[in-house]
1. Based on what the data block shows, is residue 151 part of a loop (DSSP other than H, G, I, E, B) and not basic (Lys, Arg)?
2. Going through region 40-83 one residue at a time, which ones are among the hydroxyl-bearing types (Ser, Thr, Tyr) and over 18 Å from residue 12 (Cα atoms)?
3. Residues of region 22-64 being open to solvent by 30 Å² or more (accessible area, probe 1.4 Å) and in a strand (DSSP E or B), which ones?
4. Within region 134-142, is even one residue closer than 21 Å to residue 30 by Cβ and in contact (Cβ under 8 Å) with a residue 24 or more places away in the chain?
5. Within the group 67, 99, 38, which residue is touching a helix residue (DSSP H, G or I) at 6+ places or on another chain (Cβ under 8 Å) and not hydrophobic (A, V, I, L, M, F, W, C)?
6. Quick one: residue 14 ticks every box in (1) surrounded by 22 or more Cβ atoms within 10 Å (Cβ to Cβ); (2) farther than 20 Å from residue 129 by Cα; (3) β-branched (Val, Ile, Thr) except a single one, so which number is it?
7. Would you tally the residues in region 75-99 being surrounded by fewer than 17 Cβ atoms within 10 Å (Cβ to Cβ) and within 17 Å of residue 131 (Cβ to Cβ)?
8. Suppose we keep only residues that are in contact (Cβ under 8 Å) with a residue 60 or more places away in the chain and in a loop (DSSP other than H, G, I, E, B) within region 100-122. Which one would you say is surrounded by the fewest Cβ atoms within 10 Å (Cβ to Cβ)?
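The values are calculated or read from the model by the stated rules, or taken from the named source; none is laboratory data. Keep in mind it's a predicted model, so treat the numbers as computed, not measured. Methodologically, a virtual Cβ is constructed for each residue, glycine included, from the backbone with ideal geometry; neighbour enumeration extends over all protein chains shown. In case anyone asks, the SASA skips ligands and DNA or RNA and just uses the protein heavy atoms, side chains included. Shrake-Rupley method; radii C 1.70, N 1.55, O 1.52, S 1.80 Å.
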Amino acid sequence: MAINLRVNGQIRRTNAKPETPLLYVLRNDFALTGAKFGCGTSDCGACTVLLDGEAVRACAVTVGEIGNAEITTVEGLGTPDKLHPLQQAFIDLQAAQCGYCTSGMIMAARNLLRHTPRPTEKDVREALAGNLCRCGVHNRVVRAILRAVELSGRS
């Protein structure tokens, strides 16, 4: 039985079983590889996406649970011609080293900015506490998120 999902503003169809993790469908069925498999236990944040605007771990949500909710991946934030301010700030401030955690960091930051449009550095650090980075670029990530707030204010 096919399941329809609203992903980045489009209806997408998958033949995955309802108990299949959303992460697998995004990556394997829809070729949206921004969300990464990190731990598979919802601990690292590499697979963070937005579900009706709220950050969720795509490894811990099954496609059968989603219903009509809108799924937004990092690919759905901006376009190559017009990046989202978070994406642009991460590039400008080189807030990635290996890049594996970057999509999850951006999506967690998007969730933060939805609720707190003018966060403090402390707010940013608390919002990212559940996103792991082994490269140690957290300081650049924090600066990039604060920079995105500046960029958003100019648009």
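1. Working: part of a loop (DSSP other than H, G, I, E, B): no; not basic (Lys, Arg): yes.
The answer is no for residue 151.
2. Pass one, region 40-83, residues among the hydroxyl-bearing types (Ser, Thr, Tyr): 41-42, 48, 62, 72-73, 79.
Within region 40-83, 41, 42, 48, 79 meet the criteria.
3. Keep residues of region 22-64 that are open to solvent by 30 Å² or more (accessible area, probe 1.4 Å), which gives 24, 27-29, 31, 33, 36-43, 51-52, 54-57, 60, 62, 64.
Scanning region 22-64 gives 51, 54, 55, 56, 57, 62.
4. First, pick out the residues of region 134-142 that are closer than 21 Å to residue 30 by Cβ: none.
Taking every residue of region 134-142 in turn, none turns out to be closer than 21 Å to residue 30 by Cβ and in contact (Cβ under 8 Å) with a residue 24 or more places away in the chain.
5. Working: 67 fails: touching a helix residue (DSSP H, G or I) at 6+ places or on another chain (Cβ under 8 Å); 99 fails: touching a helix residue (DSSP H, G or I) at 6+ places or on another chain (Cβ under 8 Å).
After applying the criteria, what remains is 38.
6. (1)
7. Count: 3.
8. Checking each candidate, the answer is 100.
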